[in-house]
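Just below is one structure, and these are the notes that go with it.
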Amino acid sequence: MPAGKGLTRAGESTLDQLAQASADQVGLPDRRSTTAPLFQKTFADYFDGRLIVSTGENEFAEPKLVAAPVRRGMTVAVALCGRMSCRINNRSVIEIAGPNVTLILNDAEHQREQIFAARVRLRYALVHMAPSLIEDKFNIDFPSLLEVGKRIGQGGDPVFLARPADQVIRAVASKIMACPLSGFGRNMYVVGKALELAALAIDQFLPSTGDERLRLPLKDIERVQMAREILIERFRDPPSLSMLARQVGLNSRKLNIDFRRAFGMTVHAFLQEHRLQKAYQKVAASDLSVSEIAYEVGYQPAHFATIFRKRFGLPPSGLR
């Protein structure tokens, strides 16, 4: 869907006038002074800050301007009610009116401006995921996700897609805002709903178009298969991504994209998974020390113990 399809576009002068009015009232605005809600706001981060979940219910006596960088990664924002204006860099202004869902994909430095209308209550839920979380936890190559988004958004950088929010998305966003749990399970519930909201947004904005592998030319399939064989053969001392790409006749970016389409993960993710599977077998079935096994599969012992626990949920010593 092209950016802003289904939304009312406001004139450039409208946003500029609101921004100037706000700036005249409060001076040069910053994030803290212009977003303080009259009602409520929550903000929490998980997975070392790579997942951010924020909700709020705001209403201002005067128009308020917020100017801030666009976060790198994927942001899903649901406006359950209310309205606001948004502009990224020097693009056309988009007037967002709830119920609305917005998907932003970004991997560069960009600026955004938001104007909150006066005396209009805005209720929202926002989920942000860093590129590393998307790739490490879900085996989704973020550059590939960004590429698909740009294609749907007609090349916009960053990708900014918006549409009316359906009942399912509104329900999940409402549950994030009004979490029914208050004990040990609260964080799990919020994270679960945040991931559900992100998944729904991806499904609606970036629908699957079938088997990615079948869309690759035969010669490209042969090249990524050759790359996979090289990684398996040389997993202890693998070539760099750029060297591997040269060996199979591709550039690094195309190799990563095509590899993910063919095998469901990036080159780095495949290599790490192959190494860890080899390590798991050796830890469980051999008398070698954990340090020796780490070196055998290409890791330093300290780093090996950390990623082994992260992958399998227990330290290497837990298998013995």
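Rule-based calculations on the coordinates, nothing more; no lab input. The model shown is predicted, which means the values in this text are computed figures rather than measured ones. Cβ placement follows ideal geometry from the backbone for every residue including glycine, while neighbour counts extend to all protein chains displayed.
Here are the numbers for the structure shown:
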| quantity | calculated |
| --- | --- |
| Difference of contour (0.36 nm per residue) and Cα-Cα distance, Arg309 to Ala108 | 69.2 nm |
| Label-point separation, Phe47 to Cys179 (7 Å along Cα→Cβ), nm | 1.6 |
| Nitroxide proxy distance, nm - points 7 Å out along Cα→Cβ at Met188 and Glu296 | 3.6 |
| At q = 0.18, 0.26, 0.34 Å⁻¹, base-10 log of I(q)/I(0) for the range 53-95 (Debye sum, equal scatterers on each alpha carbon) | -0.73, -1.45, -1.36 |
| Quarter of Cα convex hull surface for the range 213-319, i.e. mean projection, nm² | 6.9 |
| Distance violations [Cα-Cα > 29 Å] among Lys193/Lys278; Lys41/Lys193; Lys41/Lys150; Lys254/Lys278; Lys150/Lys219 | Lys193/Lys278; Lys41/Lys150 |
| Per-residue ³J(HN,Hα) for the range 185-196, Karplus 6.51 cos²θ - 1.76 cosθ + 1.60, θ = phi - 60°, Hz, x for Gly and Pro | x, 4, 4, 4, 5, 5, 4, x, 5, 5, 5, 4 |
